[in-house]
Every structure is written in C-alpha cells, then in structure tokens.
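Student: Questions regarding the structure given below will be posed in turn.
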Amino acid sequence: MTNPPGTRLPTIAAHLGRAAPSDRVLTRGPAYEASRTLWNGAVTRRPAAVLVCTDPADVQAGVRAARDLGVPMSVRAGGHGWTGSALAEGGLTLDLTSMRRVSVDADTAAANLQGGATAGDLAGAVHPHGMVAVTGTVDAVGMVGLSLGGGYGPLSGRFGLAVDNVLSLDVVLADGSLVTADAEHEPELFWAMRGGGGNFGVVTSMRVRLHTVPAILTGMIVYPLSRAAEVLAALHEPVLHGPDELTVQFAVLTGPTGEPGLFVLPTWCGDPSEGERAVEPLTRLGDPLLTQVGPAALTDMLAAAGAMFPPGRHVEIRPRTVPGLTPGVIDALAAGGRTMTSQLSAVSVHGLHGAAARVPAEDTAFAARTPHLMVENVAQWEPADADAAEHRGWARDLSEALAGEALPGGYVNLLAPDEADQIAHAYGPNRDRLLAAKTRYDPDGVFSATPLP
Ligand SMILES: Cc1cc2nc3c(=O)[nH]c(=O)nc-3n(C[C@H](O)[C@H](O)[C@H](O)COP(=O)(O)OP(=O)(O)OC[C@H]3O[C@@H](n4cnc5c(N)ncnc54)[C@H](O)[C@@H]3O)c2cc1C
C-alpha cells in the first residue's frame, strides 16, 4: 500500500495543506531539521513531511492523510527511542513536541499530560503539589513512549512501573477516530496499549496516578570495577528482594578518573530514617571509592541523570533480561566493563521487584512480572569517532554473552527490529491476546513502531 518514494513529498504536503496551516507542515528548513534530529545522533532518517501537531485534531488529520496516501507514519515525542522509530523514512512524522502541557489534579492525585510531555515536564508540574509521578530515570524521555512499553524507574519497587500508573489514554486510532481507553471504556485497547507500545494509535493525552512520599533518598556508591564480582554478588538480594521502598539500579560507567567503575544507584522513597538504615549496607559491599547519598527531589534526580546522557552522540543499545546476578551474569557484566571500547559506553541495569513484580502478568500486555534485571548494553561514542563498528560490536557481544543466562523475551522499548529471538517471546503468555487486539484495532498495520512477535 506504499507509494513510490519520489511521489510522497509534494503529495503529503498538498494533502495536509487542507487540514493544517502550511507553517506546521515541514518538508525542509531549520524546523524540519530540528524535528528529525533525535537523541541518537546516528539516526539519519528523513520523513517526506513532518506535521507539527498542536491538538488532537491535528493528529487525526495526520493519521487520516497517511492512511489515505498509503505512506508510512510515525510519532515523534521525546525523541529518545534509540532505533529512530520516531521518524518515518520517506513518510509522514507526527511531531508532538508542541503538545507538552501537564495539569495536576491534586484532589484526586492524578495528572493529565499531553502526548509529547517528557518525564521532566511531568515531574516539574507535580513537584509543587508535594507529590511524585512514576517516571524513568531521565528528564528528557517522553512519558507516553516510556509508559506504553513498560517504564522502569527509580520508584518502581514501591509504585510499580510507569505503565502500572496509567489511568486512561486518549488515543487517535488507525481510522482517525479519537477514543478514550480506560478500565471501563475500550478495556481491551487499554490492556493492549499498556505494554504493546506504539502499535495501536497516537496518544494525545494520558492520565496518570500520583503519589505522596515522606522523602526520597538517592545518590551513588562507586566501587572499583576490579571488585565487581563480589559487589555484584552482594547486590542480588537488595535489588531483587529488598523492601518495596528501595529501588536499586546499578551501572558500569567511566568515572571522572577515566577508569570504569561500578556505580550502585539506590533510591529510597519512604520514611527517611528507615531509608538510611536500608541504604547503609549498600555502602559496605567493599571499599567504595565514593559514597554520596542524601535527600533529593525527583525533579533534580531526573535532571542530573539527563545531564549524563546529552543528545547528539551516536548510540546502539542491546538489551537483555536476566533472572538475577547468577555467576554467569556476574562474569559477563564484569568482562563487559573491562572490555568497553568507548569511555562513553555503559552497562545500565534496572531491577524489577516489589510492587512492579506483584502485578499479575495478564493484567497488562507488559508480561515480565517475575523479579528480574533489565540490562541495557549501551554503546555510545562521539560522531567523529572512527571506531563505530567496534563500539557496536562491544554491545552486541555483551548481549550475546548474557544470552545463555537470559530469560526469554526482552524490553520492547529498547529492542531493535532485528532482535527476532527476544521479540518472539517479549509478551510471554500475553502474545496471542495482544496479536488479537492488533488485528482488531490496527488491521492494516498503520502503527508499527514497537516490535511485535
Ligand atoms: C537516555 C535514555 C534513558 C532512558 N531511560 C529509561 C528508563 O529509565 N526506563 C525505561 O523504561 N526506559 C528508558 N529509556 C527508553 C525509553 O523509554 C524509550 O526509548 C521510549 O520509547 C522513549 O520515548 P520518547 O517519546 O522519548 O521517544 P521517541 O523516539 O519520540 O518515540 C519512540 C516511540 O514511542 C512511541 N510514542 C511516543 N510518544 C507517543 C505517543 N504520544 N503516542 C503513541 N506512541 C508514542 C512511538 O512508538 C515512538 O516511535 C531511556 C532511553 C534513553 C535514550
């Protein structure tokens, strides 16, 4: 149903001209370039046209135009999808970056955010009300993209994944209609979108649950990589079976000295003195090079993490989901740290435990609910670096080294379309139900950004 590439550019712009002002239909120039510039500087896709959407009617017009013309379509929000799924090569990209409004309803402890809002937008709007929202770790990541694929984050142990905090979605479907999906309206769509990601429609607005916490304690404890084996072995229990209030991420990163270190990154949300007692053992897993843990606002945490991942570098991420810190996983992670080819690369690990692990697997399309580690093997380098192939190879090799220990499936928000073995099992027992929902809501495959089995 796709037209030849040469015919697309004038056709899409002309077609959209009837529905949207021409200054918001971009085919070249600085605004077009800004729209097609994603966080991963290695992505070079060029949509034939970008429609800058300002409200749901624009999104509806864009979806209908792409459908009428039979051109590929994509949604661009926070721009942090590393594979570049936000851009439709030769097709139409709906740019939601002008739809970032957040309104907070403190009485019902909920917030409504537009489809292009980032984690930082949400956290910033919620903070003055003395509450927190469940986000990922980085401020500039889009909240809808993060949530629809799962959404691991520093509060997941206590409040579940971001997807577990979604209360309702306003969605433009493949036929251009705008529907609300929640527990009572379109419940099957609501189920499928919570894990099935960008496969069902464009979210123009999302309502999420908010929480009140007495305090957040967070920071980092850095161990030398040479002690990785014993530190990692000791992390298994607190990461996967610690109290709900304690969510521990960890990472192998190159520190200011130029040497890679093992960074333990705890976040406690709850009573502060209990938090100090819970975090203290993490400072005694060896001789730390640095211990820096204290009270922090979620907004500052997200901004600090964001500063570590600036846009424009070239990136390849190869994820693996593993059941825990088994000897094989420990060996692979320690070797991965030692063989890192770029000082900008990282191995970043999220644990799923507590509230996120108690959600029954069939409650949302996101099915990986047994405690596990989601390992992000992140190769990162400057655009001018000539060793891109070597850096990519490092991430792929580390992913392969973990494969023998891995659980079937993987995190759809990070999987590339070529990860067929992980994609096949990504939805576990929810596979058939998810595929049935796809047939019902998007039979022609208008939306294809998130890998499906
Ligand atoms: C630096 C960095 C940090 C990250 N941290 C975390 C983390 O802590 N936890 C975690 O779980 N993941 C994390 N991720 C992964 C992240 O959740 C996904 O890459 C997510 O898809 C990014 O969404 P985006 O809007 O920023 O990206 P975009 O590239 O703009 O969009 C990616 C895809 O999301 C979908 N999408 C986005 N908005 C909408 C919408 N309104 N309607 C329908 N579909 C939409 C589309 O399918 C789109 O193709 C991180 C990624 C990066 C690069």
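The values are calculated or read from the model by the stated rules, or taken from the named source; none is laboratory data. The model shown is predicted, which means the values in this text are computed figures rather than measured ones. Cβ sites come from the backbone with ideal geometry, for glycine too, and all protein chains shown count toward neighbours. When the accessible area is computed, the model is the full protein with side chains, heavy atoms only, and any ligands, DNA or RNA have been set aside. Shrake-Rupley method; radii C 1.70, N 1.55, O 1.52, S 1.80 Å.
Student: Please go through the range 34-65 and pick out each residue that is of a type in the set (Gly, Ala, Ser), part of a loop (DSSP other than H, G, I, E, B) and open to solvent by 20 Å² or more (accessible area, probe 1.4 Å).
Tutor: Within the range 34-65, 41, 42 qualify.
Student: Starting from residues that are in a helix (DSSP H, G or I) and within 16 Å of the ligand (Cβ to nearest atom), keep the ones in the range 423-450 and report whichever is surrounded by the most Cβ atoms within 10 Å (Cβ to Cβ).
Tutor: Selected residue: 441.
Here's the yes/no breakdown for (1) outside any helix (DSSP H, G or I); (2) open to solvent by 30 Å² or more (accessible area, probe 1.4 Å); (3) without any contact (Cβ under 8 Å) to a residue 60 or more places away in the chain:
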residue: 148; (1), (2), (3): no, no, no
residue: 158; (1), (2), (3): no, yes, no
residue: 163; (1), (2), (3): no, no, no
residue: 176; (1), (2), (3): yes, no, no
residue: 184; (1), (2), (3): yes, yes, yes
residue: 195; (1), (2), (3): no, no, no
residue: 210; (1), (2), (3): yes, no, no
residue: 232; (1), (2), (3): no, no, no
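Student: Collect the residues in the range 407-418 that are out of contact with any His (no Cβ under 9 Å at 6 or more places or on another chain), touching a residue at least 40 places away in the same chain (Cβ under 8 Å) and surrounded by fewer than 21 Cβ atoms within 10 Å (Cβ to Cβ), keeping them in residue-number order.
Tutor: 416, 417 - these are the residues of the range 407-418 that are out of contact with any His (no Cβ under 9 Å at 6 or more places or on another chain), touching a residue at least 40 places away in the same chain (Cβ under 8 Å) and surrounded by fewer than 21 Cβ atoms within 10 Å (Cβ to Cβ).
Student: Looking only at the range 187-208, which residues are more than 14 Å from the ligand (Cβ to nearest atom) and either within 18 Å of the chain's Cα centre (by Cα) or acidic (Asp, Glu) (or both)?
Tutor: 188
Student: Every residue in the range 323-333 that is touching a strand residue (DSSP E or B) at 6+ places or on another chain (Cβ under 6 Å) and either surrounded by fewer than 21 Cβ atoms within 10 Å (Cβ to Cβ) or assigned by TED's automatic domain parsing to the domain that holds residue 40 (or both), please.
Tutor: Answer for the range 323-333, where residues must be touching a strand residue (DSSP E or B) at 6+ places or on another chain (Cβ under 6 Å) and either surrounded by fewer than 21 Cβ atoms within 10 Å (Cβ to Cβ) or assigned by TED's automatic domain parsing to the domain that holds residue 40 (or both): just 323.
Student: Wholly within the range 317-422, which helices (runs of 4 or more DSSP H) include no fewer than the required count, namely at least 3 residues that are within 16 Å of the ligand (Cβ to nearest atom) and within 28 Å of residue 246 (Cα to Cα)?
Tutor: Fully inside the range 317-422 and qualifying: 355-358.
Student: Which ones in the range 141-167 are more than 8 Å from the ligand (Cβ to nearest atom) and of a type in the set (Phe, Trp, Tyr)?
Tutor: Correct list: 159 only.
Student: Where residues in the range 96-110 are more than 13 Å from residue 212 (Cβ to Cβ) and surrounded by 18 or more Cβ atoms within 10 Å (Cβ to Cβ), which of them is farthest from the ligand (Cβ to nearest atom)?
Tutor: Here the answer is 102.
Student: Would you please name the residue that is nearest to the ligand (Cβ to nearest atom), looking only at residues in the range 125-140 that are buried (at least 24 other Cβ atoms within 10 Å of the Cβ) and either among the aliphatic types (A, V, I, L, M) or at positive phi (or both)?
Tutor: 134
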